[in-house]
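Enquirer: Have a look at this one before I ask anything.
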Amino acid sequence: MKPPQAVGGEKRQIPGIIASIDYKLLNSVQTHPQSSVFLQGDKVYVPDYYLENPNFDISDGCVLFWKNDCNMGVVFQPEPKPAPSGIMIFGAGVDNWYHWLIEFLPLAHLSHDLPDKYHDLPLIVPEGVLKINQFKDSLDTVRGQRRVISIPHRLHSFEKIIVIGKAVLEPIYLHKNHQIKAEYYSYHATQLLAFRSRILQNLGVLPRNINKRVFLARSKTTRSYNQDELISIVKAHGFEIVYPERLSFKDQVELFHSAEFIIGASGAAFANTLFCQERTRILSWIYSHSTGFCSFSNLAKVTGSELRCISVEPTLTLNRKRDEYNASYTVPVDEFKNALEMMLKSDEW
């Protein structure tokens, strides 16, 4: 795994292993399109990854309402609605762009390798996915000839459903008082690169000179920071201010594929790091206690791009991992200016 590296800091890498990717056929189960948990009679099935790491939390508020460190939990099981058999392209976190692009959309890519006897099975996705243009367009880019069936936000029963192993494993949440660690992550680089190649080829995005300077801005108020101050600095250095959520899927892919320098707050938009080319330099910032956060640094490692981070401090005490999604902070301006100078001019990055 590739932990985040500070600007000018020591390079670190932690060896990791991910099992070969396989699939399972489940019969007569119930689940929710925003859950990774299955119900079967009086049994509750949780992904092995979460059972092997009891300090990880996969509570989804849809099926699994609560789970403790001892693998005891509370499950909600209303009357399910029958759903067609198919291939699972959903789970906890599916409505987040990072988790969709890096965890769930690759399952549609991997479905092309299923045995021929499953050729006619459709992809099962949450109906909300098809209502967001970028999500829908990305799915259309990857799915090939497979049909897509959307299911609403409720418990469903499946006579048969295929669950494909993920190319990336990382916890959605951690239980209180547990910090993220690099060893919690694993990824299958070969499959991620094959997935990347399928998207680039299907979109007609060809290798090109990297020359764009991009600042990824946010229009939402969550995790607010001194964005306007940083924008005024980078504009003087020729950076284009981009709001990724306003771009089509193809435009996002092309933007990252042609960028020489990318700057922005750590967030779901950096899932598009998967489309960067070698030697693209990326500057972001993370909380000082999140030195084990590897989601984006792993993607940079896969593509050969170079991600560096500045440490920031939240304005309020964070009692649990979920609090980080709303905490405000300030990026140190002098440190930012020094990092920007190194990014643009130094041979050592």
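Enquirer: Of these, Leu139, Leu114, Leu155, which one is touching a residue at least 12 places away in the same chain (Cβ under 8 Å) and under 19 Å from Thr31 (Cβ atoms)?
Expert: Only one candidate passes the filter, namely Leu155.
Enquirer: Now for a different question. Considering the range 51-75 alone, what residues qualify as being in contact with a strand residue (DSSP E or B) (Cβ under 8 Å, 6 or more places away or on another chain) and free of Cβ contacts under 8 Å to residues at least 60 places away in the same chain?
Expert: Residues satisfying the conditions are Leu64, Phe65, Trp66, Lys67, Gly73, Val74, Val75.
Enquirer: Can you tell me which residues in the range 90-126 are touching a Leu at 6+ places or on another chain (Cβ under 9 Å), hydroxyl-bearing (Ser, Thr, Tyr) and under 15 Å from Phe195 (Cβ atoms)?
Expert: Within the range 90-126, Ser111 is the sole residue that qualifies.
Enquirer: Shifting gears a bit: Filter the range 219-234 for residues that are in a helix (DSSP H, G or I) and touching a residue at least 12 places away in the same chain (Cβ under 8 Å); which is surrounded by the fewest Cβ atoms within 10 Å (Cβ to Cβ)?
Expert: Per the criteria, the residue is Glu229.
Enquirer: List the number of the failed condition for Leu307; all other conditions in (1) modelled with pLDDT of 90 or more; (2) within 18 Å of His178 (Cα to Cα) hold.
Expert: The failed condition is (2).
Enquirer: Give the residues of the range 239-252 that are in a helix (DSSP H, G or I) and farther than 12 Å from Asp137 by Cα, sorted by residue number. If you could, list the steps in order and put the result at the bottom.
Expert: So the first thing to find is which residues in the range 239-252 are in a helix (DSSP H, G or I), and the list is 244-246, 249-252.
Passing the criteria: Pro244, Glu245, Arg246.
Enquirer: Every residue in the range 261-294 that is farther than 25 Å from Ser232 by Cα, at pLDDT 95 or above and among the hydroxyl-bearing types (Ser, Thr, Tyr), please.
Expert: Those that are farther than 25 Å from Ser232 by Cα, at pLDDT 95 or above and among the hydroxyl-bearing types (Ser, Thr, Tyr): none in the range 261-294.
The values are calculated or read from the model by the stated rules, or taken from the named source; none is laboratory data. Predicted model only: the values in this text are computed from it and were never measured. Don't worry about glycine lacking a Cβ; one is built from the backbone with ideal geometry, like all the others, and counts go over all protein chains shown.
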